[in-house]
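Asks: Sending over a structure as structure tokens; questions will come in a sec.
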Amino acid sequence: MDADKAEFLKEFGSDYGYPNGPKSIDEIRATEFNRLDQKGIVYLDHAGATLYSELQMEEIFKDFNSNIYANPHSQSVSSSATSDIIREVRQQVLDYCNASAKEYKCIFTSGATAALKLVGEAFPWSRESCFMYTMENHNSVLGIREYALSKGAAAFAVDVEDNVNGGGASGGQEARVKLSPHATQRRNEAKILEEEPTGNAYNLFAFPSECNFSGLRFSLDLANLIKENSERILEGSPFCKGHWIVLIDAAKGCTTCPPDLSKYAVDFVVISFYKLFGYPTGLGALVVQNDAARLMKKTYFSGGTVAASFADMDFVRRREGIEELFEDGTISFLSIASIRHGFKILNSLTPSMMSRHIAALTMYVKKMLLGLRHENEANVCIIYEGHTSKLVCHESGSIVSFNLKRPDGSWFGYSEVEKLASLSGIQLRTGCFCNPGACAKYLGLSHLDLLSNLEAGHVCWDDNDIIQGKLTGAVRVSFGYMSTYEDAKKLIDFITSLFVSKPNKSENWNMLRTKSILLSNEGHERKAGYYLKSITVYPIKSCTGFSVESWPLSSTGLQHDREWLLKSLSGEILTQKKVPDMCSISAYIDLNKGIMFVESPRCREKLEINLKTDSYPGGIEEIELHAQRYEVQYYENDVDLWFSRAVGHPCSLLRCCSSQNYSSLKKNKSRNLCRDVESRLNFANEAQFLLISEESVSDLNNRLSLNAQKGTRGTSVQINPMRFRPNLVVYGGEPYAEDGWLNIKIGNKNFMSLGGCNRCQMINLVHQAGLVQRSNEPLATLASYRRVKGKILFGILLRYEIQDKMGMQTGSWLRVGEEIHPNSE
């Protein structure tokens, strides 16, 4: 055992690893989650979805293979047996929440969101009602607001805080808790009440048992306080009176801290089973108090929910059982049957032991992150967590949400952290996690900030992580009952290695130079200077190109480069990242014949496409791509059928006829595009040309070999320059000399450098023997020394500078072997 783990166990060993459980954490990982170690994955997104146990799945399939389950709405022996199992599982759910079957019922739904939707739809809203919810709530809870507002009710968010002016020796808990309301919301068409509410309306208060942004666990005492002392806690609010119904979103918190419904006056509890034990997905539950269930007004009826109905007249008699009344259609009885095997695992470990085990890992990670310092002693990490008293909130749960800072105090974008984590085999989550209130609260984002971000093009799940210097989200890691110290340690080592500045990392990678004699393929010393080694044209975007000794230039770069693309029937542009088999399609253009020849191993015949624009009357239309509007030519069905066979997906071939920047898109979306918006482009992602240096590739290969020798990056791999899909490969000089080029001259043609090319996962695709495999290299190694402001740079982007502003120069060709003059102006 290494010293770091020994130190960890010294502090957390009494709680970590299930010391008094039926299995140790090492036994659990070895026998039930072996796939994690086999794949080298550190899984830290248990708040999103925890992992199913291999033993759990074996038991489920053994059950399914040895029993017959049938529709519980039938009367057969198998159906009756299925109904018995469903009743058994309902009781298991109630037992997990310590809820009496006399007071509560378990309604199965298609998920936690469906359970919340059911409450919103069936709640007895009126113009005197209100929907009150904590700022820390998932979007699925906030969606209930739409039902409330549409029925004329009010809605408002609250912050749960200590009441510094209340309480005292004689004061109860309610005197020391304060709910600070935000602005009251009403629909424009809803009339403002002329009189105070009478107190007969039903109000709904919703809060999570655990915030999925910060991990903050709310005390369930809030339920009792709001039901018993609403007038005191909401003093001054027009909604302090009335009948308060309490809903707890326990989708996240139920795993390690299920609500004890024998102690707390909760009316609705929402549960998600895949967050409890990984499988099944698409199944949730609403645990509902009987009196609250009787208040719910259901409109729709379906099979299973009625005792009788007439087809030709307005008559229906609904079933009286609460579960039967609210479970529309045939419930997912196979998924429900599988729940038993998940509960078997949870009950063997117990929520208490799981909570202590997970808390040990959470506290360790927080401690280590907060202790990280840059070489200038600046803090590396800020963690988002509440600081209210235990009267309001209990300790944090399984979540650590944070952001990382550079030595100068600026932020590392969370997208950069996520991408580098993925390269390191660590799966975590970034963004706002569908919790906009908590995100805005912890990040200090105003309504104006949020609207400005939206206007700048930021939407949920995109990569716009920093806008005008402000973060739009965070990094979240979350632990499960099967997480280990080794998982946590790998996370800390990853952050320390890539985000903490140290004195020995202070050298500027732009100044990296390898002193060596540059030899040609024949072994002779090369003459000084830089020369063009190869020219490659890629006629069809994301397909294989062809190399030439010379090629004409055009106003869009190399003539016919990226002039065609493939589009799916749904309108999606196909690339190798989405359809790796596109690499097997090769295109070659014969300029003399005016024909593009296309081949694929999936197609017997070679496709010939005439370059004359009027040769295929497929039609013309406009599309939008990369903040540009393109006029494109379609082809006839026989061409599209050929490409559909080649890629294995129905698709269409499009040819660029003309392109035009359009300002509204450029204004809103180009901030995060590493794209040349000044010149004409075909369908290239960023610029007209990508230039790669042979010496830079050689240096990269040396680093890959060294990493393999050290055992830090697996087996040794050697990268061919064509892995980067360059248009131009040059040789001469020193590695990464191209980083400092502002412009170059090739022969008598001038090109402007647009800076480094930001590399993505596409360079990790390996094409061998007709198969496409994904790896972490070379991007992982490049990330260790070629990362600048969130970008992993390799190669440079170029734009052809046309001297004749009225059009092209006559006879402008590039030729292999031409000398290159950097910074010639």
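Asks: In whole percent, and with a 1.4 Å probe on the protein chains, what portion of the accessible area of the chain is carbon and sulfur?
Replies: 50 percent
Asks: Would you mind checking LYS39/LYS441; LYS606/LYS791; LYS275/LYS577; LYS541/LYS606 for any pair whose Cα atoms are more than 28 angstrom apart?
Replies: From LYS39/LYS441; LYS606/LYS791; LYS275/LYS577; LYS541/LYS606, over 28 Å: LYS39/LYS441; LYS606/LYS791; LYS275/LYS577.
Asks: Take the cross-link list LYS419/LYS502; LYS567/LYS749; LYS578/LYS710; LYS5/LYS367 and give me the ones stretching past 25 Å between alpha-carbons.
Replies: Result: LYS567/LYS749; LYS578/LYS710 exceed 25 Å.
Asks: Rg and Dmax of segment 723-776, Cα atoms, in Å?
Replies: 15.1, 42
Asks: Related question: Once you charge only the Cβ atoms, +1 for Lys and Arg and -1 for Asp and Glu, what is the size of the charge dipole of the chain about its Cα centre, to the nearest 20 debye?
Replies: 820 debye
Asks: Another question, then. Quick query: amide H of GLY733 versus all other amide H atoms, modeled in the peptide plane; which residues come in under 5 Å with a sequence gap of 5 or more or a different chain?
Replies: Residues meeting the criterion, in which the H sits 1.01 Å from N, are GLY529.
Asks: By the scheme Lys and Arg +1, Asp and Glu -1, what is the net charge of all other residues having a beta-carbon under 15 Å from that of ASN592?
Replies: Neighbour charge sum, excluding ASN592 itself: -1.
Asks: So, one more: Just need the relative contact order of segment 257-299 here, percent rounded to a whole number, with Cα pairs under 8 Å and 6+ apart.
Replies: The normalised contact order for segment 257-299 reaches 35 percent.
Asks: Between their Cα atoms, which of LYS117/LYS241; LYS405/LYS470; LYS533/LYS789; LYS252/LYS298; LYS117/LYS297 are more than 23 Å away from each other?
Replies: LYS117/LYS241; LYS533/LYS789; LYS252/LYS298
Asks: Follow-up. Three principal axis extents, largest first, for the C-alpha atoms of segment 1-131, in Å?
Replies: Cα spread of segment 1-131 along its principal axes, largest to smallest: 61, 51, 30 Å.
Asks: Taking the Kirkwood radius as the inverse of the mean 1/r across Cα pairs, report the Rg/Rh of segment 286-417.
Replies: 1.23
Asks: With a probe of 1.4 Å, find how much accessible area the chain has per residue, and write the answer as a whole number in Å².
Replies: Normalised by residue count, the accessible surface of the chain is 46 Å².
Asks: What is the set of long-range amide H partners of ILE467 at a cut-off below 5 Å, with H atoms built 1.01 Å from backbone N?
Replies: Residues meeting the criterion, in which the H sits 1.01 Å from N, are THR472.
Asks: How would ILE60, ILE573 rank on accessible area, largest to smallest, probe 1.4 Å?
Replies: I get ILE573, ILE60, largest accessible area first.
Asks: Looking at the calculated P(r) for segment 243-360, what percent of the C-alpha pair distances fall above 21 Å?
Replies: 52 percent
Asks: Something else about it: Return the FRET efficiency for the residue pair LYS39, SER302: r is the Cβ-Cβ distance, R0 is 51 Å, and the value is rounded to the nearest 0.05.
Replies: My answer for the efficiency is 0.75.
Asks: Find the centroid of the Cα atoms in segment 308-339 and in segment 250-301, then give the distance between the two in whole Å.
Replies: 19 Å
Asks: At a 1.4 Å probe radius, which order do GLU621, GLU608, GLU235 fall into by accessible area, largest first?
Replies: Largest accessible area first, the list is GLU235, GLU608, GLU621.
Asks: Right, next: I need two numbers for the chain: Rg to one decimal and Dmax as a whole number, Cα atoms only, in Å.
Replies: 31.5, 97
Asks: In 5 Å bins starting at 0, how do the alpha-carbon pair distances of segment 56-97 split up by percent?
Replies: Spelled out per bin, shortest first, that is 6, 23, 17, 24, 20, 8, 1.
Asks: While we're here: Go ahead and estimate [θ] at 222 nm for the chain from helices alone: -39,500 (n - 2.57) per DSSP H run with n ≥ 4, summed, over the residue count, rounded to 500.
Replies: -8000 deg cm²/dmol
Asks: Another question, if that's okay. Classify segment 534-652 as rounded, prolate or oblate from the Cα gyration tensor: take a ≥ b ≥ c as the square roots of its eigenvalues, call it rounded if a/c is under 1.5, otherwise prolate when a/b beats b/c and oblate if not.
Replies: It is rounded, given that a/c, with a ≥ b ≥ c, falls under 1.5.
Asks: Taking every Cα atom in segment 69-117, find the radius of gyration and the maximum pairwise distance Dmax, and write them in Å.
Replies: For segment 69-117, the Cα-based Rg and Dmax read 12.7, 34 Å.
Asks: Which far-off residues, 5 or more places away or on another chain, put their amide H under 5 Å from the one on GLU210, with H placed in the peptide plane?
Replies: Placed amide hydrogens put PHE218, LYS252, GLY253 under 5 Å from GLU210.
Asks: At a threshold of 8 angstrom on Cα-Cα distance, excluding pairs fewer than six apart, so keeping six or more, what relative contact order does segment 1-94 reach in percent?
Replies: In percent, rounded to a whole number, it is 12.
Asks: Output the DSSP H helices from the chain with an along-axis C-alpha extent of no less than 27 Å and a mean Kyte-Doolittle hydropathy no less than -1.0.
Replies: Flagged H segments are 77-96, 351-370.
Asks: Please state, as a whole number in µm²/s, the translational diffusion coefficient that the Stokes-Einstein equation yields for segment 267-335 at 37 °C and 0.692 mPa s, with Rh defined as the Kirkwood radius across alpha carbon pairs.
Replies: The estimated diffusion coefficient comes to 237 µm²/s.
The values are calculated or read from the model by the stated rules, or taken from the named source; none is laboratory data. The structure presented is a predicted model; accordingly, all values stated were derived computationally and were not measured. Here the Cβ is made from the backbone with ideal geometry for all residues, glycine too, and neighbour counts use every protein chain on show. Just so you know, the surface numbers come from the protein's heavy atoms only, side chains and all, with ligands and any DNA or RNA stripped out. Shrake-Rupley method; radii C 1.70, N 1.55, O 1.52, S 1.80 Å.
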